[in-house]
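To keep things clear, I will list the structure first and then write my remarks on it.
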């Protein structure tokens, strides 16, 4: 469903993504892991047609995202890094907008909107403007927008950040449910405990290059340990001024 | 005293930046038109602009500190009082009003004027403290437009309603409405001139159609499976609907034709040189040259439709449709 062959993106002298090759099958939940600035968002932007690659090839649903941008956008749902919400629309209006734009019949849009608002505990804030929403509410709204048109592939950038544990569990269950129905999920996350529970494929990236790519069952050790070994080893420094004496 | 001084210093910086947003006025077609063409005769326009600006500038500077942050800071009661008493003086309007009051002491007529201004200021100052569920309620009632672009049109209408341009144009339109209702008959040409002024007051917004969408909105536009012309159409429907509504007491068809030309001429800065805008300020255009062309096209279209024939609306529509198609493709390339 997602195929990248030697995908590369350069910004001047800086190589953000370097010769990335990966395959994600239909119905898989692929977790794309790496530290900040590793090239995750650049990769997602190339997969969703927002950024053309410098070289290499990417196919999503069998389409070239650069050449068939509009057709691809109709088939995918995206939770972007900045959520992509309009300050002047309410939570509910964002979902109605999505239904209208993706050609979902109005009655069906209303039904799906009600179900999503209920499932994500957004009913109480359905008439709140995005500008007045908490970050968690904004995240849930953008997540609901990605799901509403029933896409073939879901791209989710940090879906579990800033949401409460119950909503995170609901989101996780929803993603597992859609993947059982054949929807491919490609997500980035820093919450490794959540990734460990949900992902069927793990891809790790460091400085633009893939350093691990396997099914979740093939990990040789706990995900966190493996991540620290391959991607980034935490260094804890003692801050001597932190303590009981105050200045 | 160190804590209140630190807070007041930060507040002053924030307030100074807020006032620099007023420089948007200098890139506004309506202001430029008045300065260049009407000059001293444009006093009533300056008054309208000052009136429209008065309310957003009268807010309490202390509101710039988030309420939760203010509550969390370890401030003593005395320090809170200092902040409360000193912060209003960060607003230059407070100084202007105080100077006016001192100057007019003993002169009953001008003192009355200053009292009215002071009451307006105090009202706006106090109103800025009241939570405004009413505004959210009003905003939610803004109608959409039947069809797949309904929510986008609704959002765009809300954006236009949060610029001062709209309120300037609304005051002009309502003034003519009141005059036609209660005053002697207006000369024929006056309607045309007021239509030019009303659409002219809105015209700068046509140069910065995407200025209030923010990063989130622009990112969503890139993700939506719609063509560029559809995004432009949603913007245009909102602009034309507002223009038509405000021109109803004036010359509606001429106003509509003028608004279409204003949109067509404003495409280049709106799409190729987008400028971020600030809410509750005047829209600021991309370039003076474009603003002048917009105003000339506006005046010519309105005078042709109004004075010669309504058939001149047809070329205005064609030019607008052509710009929609051409710049829609341009927008697609840039998305």
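Can you bin the protein assembly as shown into rounded, prolate or oblate? Criterion: square roots of the alpha carbon gyration tensor eigenvalues sorted a ≥ b ≥ c, rounded for a/c under 1.5, prolate for a/b above b/c, oblate for the rest. Verdict is oblate for the protein assembly as shown. Taken along the Cα-to-beta-carbon direction at a fixed 7 Å, the label points for residue B:54 and residue B:16 span 2.8 nm.
With a cut-off of 17 Å on the backbone N, the residues of region A:53-77 near the modelled label site 7 Å out from residue B:227 along Cα-Cβ are A:68-74. Each Cα pair under 8 Å and six or more residues apart adds its sequence gap; the mean of these over the residue count of chain B is a relative contact order of 22 percent.
Extending 7 Å from the Cα toward the beta-carbon at both residue B:245 and residue B:63 defines two label points whose distance is 2.3 nm. Full extension of the segment from residue B:180 to residue B:138, taken as 0.36 nm per residue of separation minus the current Cα-Cα distance, would add 12.3 nm. For region A:49-63 versus region B:159-227, the spacing of their alpha-carbon centroids is 42 Å. When A:190, A:181, A:135 are sorted by how many other C-beta atoms sit within 10 angstrom of their C-beta, beginning with the fewest, the order is A:181, A:135, A:190. Peptide A:74-87 shows a mean partner chain C-beta count of 5 within 10 Å per residue C-beta.
Full extension of the chain between residue A:181 and residue A:55 gives 42.0 nm of extra length, using 0.36 nm per residue less the Cα-Cα distance. Stretching residue A:21 away from residue A:228 to a fully extended chain increases their span by 72.3 nm, per 0.36 nm per residue minus the current alpha-carbon distance.
Normalised by 2.2 N^0.38 Å, where N is the number of residues, the alpha-carbon radius of gyration of chain A equals 1.07. Considering only beta bridges that DSSP places wholly inside the protein assembly as shown, some 55 percent are antiparallel. Relative to the longest principal axis of the C-alpha atoms of chain B, give the angle of the C-alpha long axis of helix B:214-223, reported between 0 and 90° and rounded to the nearest 10°. Tilt relative to chain B: about 40 degrees. Between residue A:196 and residue A:81, take the C-beta separation as r, use R0 = 30 Å, and let me know the FRET efficiency to the nearest 0.05. According to the calculation, E is roughly 0.85.
Once the Cα atoms are used to define both axes, helix B:313-334 deviates from the longest principal axis of chain B by about 70 degrees. Here r is the Cβ-Cβ distance between residue B:2 and residue A:239 and R0 is 22 Å; the resulting FRET efficiency, rounded to 0.05, is 0.35. With contacts taken as Cα pairs under 8 Å at a separation of at least 6 residues, region B:145-334 carries a relative contact order of 30 percent.
Of A:143, A:86, A:14, the residue with the greatest mean-square motion in the GNM of chain A, using alpha carbon springs below 10 Å, is A:14.
With R₀ set to 45 Å, the beta-carbon distance separating residue B:99 from residue B:273 gives a calculated FRET efficiency near 0.65. The angle separating the long axis of helix B:43-57 from the principal Cα axis of greatest extent in chain B is about 50 degrees. Between region A:151-223 and region A:76-150, the alpha-carbon centres lie 21 Å apart.
Ranked by the mean number of other Cβ atoms within 10 Å per residue, highest first, peptides A:226-236, B:210-220, A:56-66 order as B:210-220, A:56-66, A:226-236. Taken over the Cα atoms of region B:145-334, the convex hull encloses 109 Å³ per residue. The mean number of partner chain beta-carbon atoms within 10 angstrom of a residue's beta-carbon across peptide B:219-231 is 6.
Every read-out reported here was derived from the displayed coordinates using simple, explicitly stated rules and does not represent laboratory data. The model shown is predicted, which means the values in this text are computed figures rather than measured ones. Cβ atoms come from the backbone with ideal geometry, glycine included; neighbour counts cover every protein chain shown.
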